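Please read the structure below before turning to the comments.
Derivation of every value follows stated rules applied to the coordinates shown; laboratory data play no part. Computed from a prediction, not measured in an experiment: that's the story for all the values here. Quick reminder, even Gly has a Cβ in these numbers, built from the backbone with ideal geometry, and neighbours come from all protein chains shown.
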Amino acid sequence: MTEIGIGIVGGGYMGKAHAVAHSAVGAIFDTALRPRLEMVCASNPTSAEKYRAAYGFARGTADWQALVNDPRVEAVVIASPQSTHRAIAEAAFARNKPVFCEKPLGVDVADSRAMVAAAESSGQINMSGFNYIRTPASQFVRQMLDAGEIGDITGFRGEHTEDFMADPAEPATWRSQGQANGCMGDLAPHPINCALRLIGPMTELIAEVETVIPERPGGTVTNDDHAQIMCRFASGVLGNIYVSRVATGRKMGYKYEITGTKGAIYFDGEDQNAVHLYKITGPEAQRGFTKILTGPAHPDYQPFCLGPGHGTGYQDQIIIEAKDFLTAIHTGQNLWPTFRDGMEVNQIVAACHASSTARSWRNISDF
């Protein structure tokens with residue numbers, strides 16, 4: 001067992017999640033590398049000290065360059081705003097340090113390409129943060145698809161819907177400013193990443209991206225509230241993705257349905273410890289979706305709990321990410337999703353914006 005010094009840039013919501021994950025991952029998964037919370041970086045010294053004390057880091061700083069340059073920080077986790085991702089990642093790779101970066105990878109495709117180039121030229125481990133697809137249920141879905149349980153895939157329907165900006169009286173904030181903070185920058189990467197993981201590469205799409213509530217108390221909204229995407233996969237499968245931050249009543253609508261020639265699969269993020277499987281077997285009168293509760297027989301479940309149906313939660317998804325990151329560092333082999341996978345998501349987001357503006361189909365390879 002070997003210690004590894006972890007530096008986290010950002011101490012807010014996601015910074016806390018990653019700090020907790022790296023504190024727990026060694027005990028849960030018995031990883032060969034055991035994280036040591038070495039340094040946390042925040043926007044000012046007061047916040048840095050608060051996060052240091054709260055999360056158990058050895059040191060805090062308001063200078064991300066100090067964190068990246070510190071020899072006791074051996075791996076970097078980026079959980080700061082998108083506009084900072086590129087500079088931090090490039091600096092860490094220049095110092096031959098592995099990097100985990102929260103989604104979206106950069107503010108745009110140009111940022112993402114530069115980050116991929118820095119990662120691949122350094123030869124260092126790199127990973128993009130997409131936690132929702134790592135639930136034991138969705139990992140099990142991937143296994144079923146690989147095994148051909150529902151036959152040849154014929155269709156994909158996905159969504160990520162929430163209602164945190166559904167109320168027109170909700171004041172304008174940083175979330176309502178700038179394309180990177182809109183629904184396409186914030187929520188859409190998750191179902192896009194899901195589709196790529198479960199169905200494969202996309203080749204073309206047509207999208208409608210829209211601002212539903214253009215004015216809010218305190219300011220004008222300069223980004224999008226929801227979007228509809230129709231896409232074609234390299235396999236020939238047709239797909240549809242809907243994303244919204246104004247979907248009244250929906251709290252965690254990370255859903256997908258996959259149809260095949262022998263059955264279908266349905267998953268709902270508001271019930272993340274279950275997956276629904278339909279198979280074309282037996283008499284028609286007895287057919288229907290079967291609800292499968294996750295348990296120790298499913299990927300990455302048993303280390304958390306020995307009881308089937310007892311369930312895992314949001315924080316556990318981040319712990320699974322930490323396990324994968326540490327495993328990649330230990331073995332020297334990148335694990336999915338890499339920076340290149342994160343860039344692919346950004347390319348699709350860019351294609352959606354371009355398609356919506358032109359009101360026409362777009363080839364993703366053009367972006």
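May I ask you to verify whether residue 127 is in contact (Cβ under 8 Å) with a residue 40 or more places away in the chain, in contact with a strand residue (DSSP E or B) (Cβ under 7 Å, 6 or more places away or on another chain) and not in a helix (DSSP H, G or I)? For residue 127, the condition - in contact (Cβ under 8 Å) with a residue 40 or more places away in the chain, in contact with a strand residue (DSSP E or B) (Cβ under 7 Å, 6 or more places away or on another chain) and not in a helix (DSSP H, G or I) - is met.
For the range 69-88, give me the residue count where each residue is of a type in the set (Ser, Thr, Tyr) and assigned to a loop (DSSP other than H, G, I, E, B). So the count comes out to 1. Scanning the range 340-367 for residues that are buried (at least 20 other Cβ atoms within 10 Å of the Cβ) and not in a helix (DSSP H, G or I) yields one hit, 362. Evaluation of residue 56 against the conditions (1) free of Cβ contacts under 8 Å to residues at least 60 places away in the same chain; (2) closer than 17 Å to residue 125 by Cβ shows that the sole unmet condition is (2).
I'd like the full set of residues that are within 18 Å of residue 92 (Cα to Cα), of a type outside the set (D, E, K, R) and in a loop (DSSP other than H, G, I, E, B), limited to the range 15-66. Scanning the range 15-66 gives 42, 62. Scanning the range 175-189 for residues that are crowded, with 23+ Cβ neighbours inside 10 Å and either touching a strand residue (DSSP E or B) at 6+ places or on another chain (Cβ under 7 Å) or aliphatic (A, V, I, L, M) (or both) turns up 176, 183, 184, 187, 188. Considered as a group, the residues in the range 131-145 that are more than 16 Å from the chain's Cα centre (by Cα) and aliphatic (A, V, I, L, M) include one that is surrounded by the most Cβ atoms within 10 Å (Cβ to Cβ), and that residue is 141.
Might you check whether a residue that is assigned to a helix (DSSP H, G or I) and in contact with a Pro (Cβ under 9 Å, 6 or more places away or on another chain) occurs anywhere in the range 329-339? Yes, that holds for at least one residue. On the basis of being touching a residue at least 60 places away in the same chain (Cβ under 8 Å), in contact with a Pro (Cβ under 8 Å, 6 or more places away or on another chain) and of a type in the set (Phe, Trp, Tyr), does residue 100 make the cut? The answer is no for residue 100. Cβ separations smaller than 9 Å between residues 6+ apart or across chains give no pair from the range 182-194 residues that are within 7 Å of residue 243 (Cβ to Cβ) and without any contact (Cβ under 8 Å) to a residue 24 or more places away in the chain to residues that are charged (D, E, K, R) and assigned to a helix (DSSP H, G or I). Of 75, 92, 110, which residue is free of Cβ contacts under 8 Å to residues at least 40 places away in the same chain and either over 16 Å from residue 180 (Cα atoms) or not small (Gly, Ala, Ser) (or both)? None of the others qualify; the one that does is 92. When you scan the range 291-302, do you find a residue that is without any contact (Cβ under 8 Å) to a residue 12 or more places away in the chain and more than 30 Å from residue 184 (Cβ to Cβ), even just one? Yes, the range 291-302 contains at least one residue that is without any contact (Cβ under 8 Å) to a residue 12 or more places away in the chain and more than 30 Å from residue 184 (Cβ to Cβ).
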